[in-house]
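Quick notes on the structure that follows.
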Amino acid sequence: MKSEKSMESSRAPGRLRPGLTPESNENQCISLAMDIAKQKLLDGTASNSMILHFLKLGTTREQLERERLEVQMELDKAKKEALESQAKVEQLYAEAMKAMQRYSGYSEEEPNAAPY
């Protein structure tokens, strides 16, 4: 089994495979930055702003903000689905109206023509 230090040295930035997408590149950079921040916190060399950043992440207010954002995302998703559903219902309604007009003898070319 490898020790933690030997595993960290094998993750040297020069040995990382480049990300396939911009998002994966960004995630790699975030991961590397988090590793450096963690090491600085462990070594006692972290700046005050870095320490405050991680302290703020652990506050109740930050946790409530995260929950609020999650609920907002769910709400936005539900609104989007409702709009898509409404559009589908309107399309079905229009198709049903056309079908009823055809059955009653109206042609599509003459929408105002009376049946025989």
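Laid out as a table, the results:
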| quantity | calculated |
| --- | --- |
| Subset of the stretch 33-87 (residues that are of a type in the set (Lys, Arg) and closer than 28 Å to Leu16 by Cβ) | Lys38, Lys40 |
| Test: residue in the stretch 46-55 that is touching an Asp or Glu at 6+ places or on another chain (Cβ under 8 Å) and not aliphatic (A, V, I, L, M) | no |
| Residue that is surrounded by 10 or more Cβ atoms within 10 Å (Cβ to Cβ), over 23 Å from the mean Cα position of the chain (by Cα) and not in a helix (DSSP H, G or I), where the choices are Ala46, Ala94 | Ala46 |
| Single residue of the stretch 97-107 satisfying the filter (outside any helix (DSSP H, G or I) and of a type in the set (S, T, N, Q)) that is surrounded by the most Cβ atoms within 10 Å (Cβ to Cβ) | Ser107 |
| Any pair with Cβ under 9 angstrom, 6 or more apart, that starts in the stretch 19-38 at a residue that is without any contact (Cβ under 8 Å) to a residue 40 or more places away in the chain and under 22 Å from Leu55 (Cβ atoms) and ends at one that is surrounded by 12 or more Cβ atoms within 10 Å (Cβ to Cβ) and small (Gly, Ala, Ser) | Ala37/Ala46 |
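None of the figures in this text is laboratory data; all of them are computed from the coordinates on show. Treat the numbers as computed from the prediction; the structure is a model and nothing was measured. Here the Cβ is made from the backbone with ideal geometry for all residues, glycine too, and neighbour counts use every protein chain on show.
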